[in-house]
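Asker: Take a look at this one; I'll ask things after.
A short reminder: the numbers here are calculations on the coordinates, not readings from a lab. In this text, all values refer to a predicted model and were calculated from it rather than measured experimentally. Reconstructed Cβ throughout: ideal geometry from the backbone, glycine too, with neighbour counts over all protein chains shown.
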Amino acid sequence: MTITDHATAPTTDAEPRTLAEAYTPVPSVPRLIADISAETFLTSYAKARGQRNFHPEYVADRERTALLLRAVIADMFALTDPSNSQAAADAGTAANRYLLSTLCGARPANEARARVREAFHAWENSEAPHPPNCDGGCGGTGEVMEILIYQDNGTPLHQEPVQCLRGEPQDPHPYDCICGGTGTYWNDRERWVCTGYEPRPLPEPPAVDPNDPWFNDPPF
């Protein structure tokens with residue numbers, strides 16, 4: 001069971017900032033919506049099964065997380081257009097709904113939104129930010145076991161825990177990566193999974209013949 005502490009966000013009076021300053025990196029809205037759907041489903045499922053199967057704090061945590069992510073989306077939309085007073089009001093309302101769920105009490109809109117950003121940052125960097133039924137198969141841990149080395153005949157040789165991508169595909173590697181954009185590269189007789197962009201080594205310059213008449217006295 002994963003319980004996230006949402007009630008420890010520190011108090012701040014920071015004014016609303018640009019989207020890039022408030023969220024680094026800026027989260028994916030489709031991913032947030034997918035997480036909200038997952039948290040809402042888990043809440044309904046846990047309530048239907050009852051307290052004999054799910055601890056009440058587990059249910060409350062799922063509800064708080066959904067409220068937090070809704071508040072983040074509202075805050076992001078408000079930050080993209082600071083002149084939209086309705087979007088700012090909606091963001092403040094969503095932020096205070098989240099704060100009330102943590103028993104912190106309502107705050108002025110700007111302060112409530114700042115608290116939501118801090119709580120979201122803490123949630124993103126917690127040990128288990130993914131929902132228990134994460135599409136990536138991590139079970140909420142944020143890590144999955146992945147085979148990283150194969151023999152030349154395709155037999156798996158070695159696996160390690162890697163970051164869970166929530167079921168989303170890996171970013172493509174450019175052609176100048178050591179994998180040539182394929183996602184794997186050969187090391188001796190083993191095929192290794194390329195886990196991140198690594199530039200392909202440049203070829204060594206050709207050796208210069210010291211007997212070449214142009215070696216010490218170039219033409220220009």
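Asker: Long-range amide H contacts for Q159: which residues qualify at under 5 Å (H placed 1.01 Å from N, peptide plane, sequence gap of 5 or more or a different chain)?
Answerer: L148
Asker: Given the Cα-Cα distance of A89 and E198 and 0.36 nm per residue of separation, how much length would full extension add, in nm?
Answerer: Result for the pair: 34.7 nm of gain on full extension.
Asker: Give me the extension gain from E124 to S28: residue separation times 0.36 nm, minus the current Cα-Cα distance, reported in nm with one decimal.
Answerer: 33.3 nm
Asker: Collect residues whose amide H, placed 1.01 Å from N in the peptide plane, falls under 5 Å from the amide H of C134; neighbours closer than 5 in sequence don't count.
Answerer: Distant-sequence amide H within range of C134: G139, G140.
Asker: What is the magnitude of the charge dipole of the range 19-125 about its Cα centre, with +1 placed on the Cβ of each Lys and Arg, -1 on the Cβ of each Asp and Glu, and no other charges, expressed in debye to the nearest 20?
Answerer: Charge dipole, the range 19-125, about its Cα centre: 420 debye, nearest 20.
Asker: What FRET efficiency, computed as 1/(1 + (r/R0)^6) with R0 = 45 Å and r the Cβ-Cβ distance, is obtained for L100 and D171, rounded to the nearest 0.05?
Answerer: Plugging the Cβ-Cβ distance into 1/(1 + (r/R0)^6) gives 0.75.
Asker: Same structure, new question: Stretched out fully, how many nm does the piece from H158 to T184 gain, at 0.36 nm a residue minus the Cα gap?
Answerer: Full-extension gain reported as 8.0 nm.
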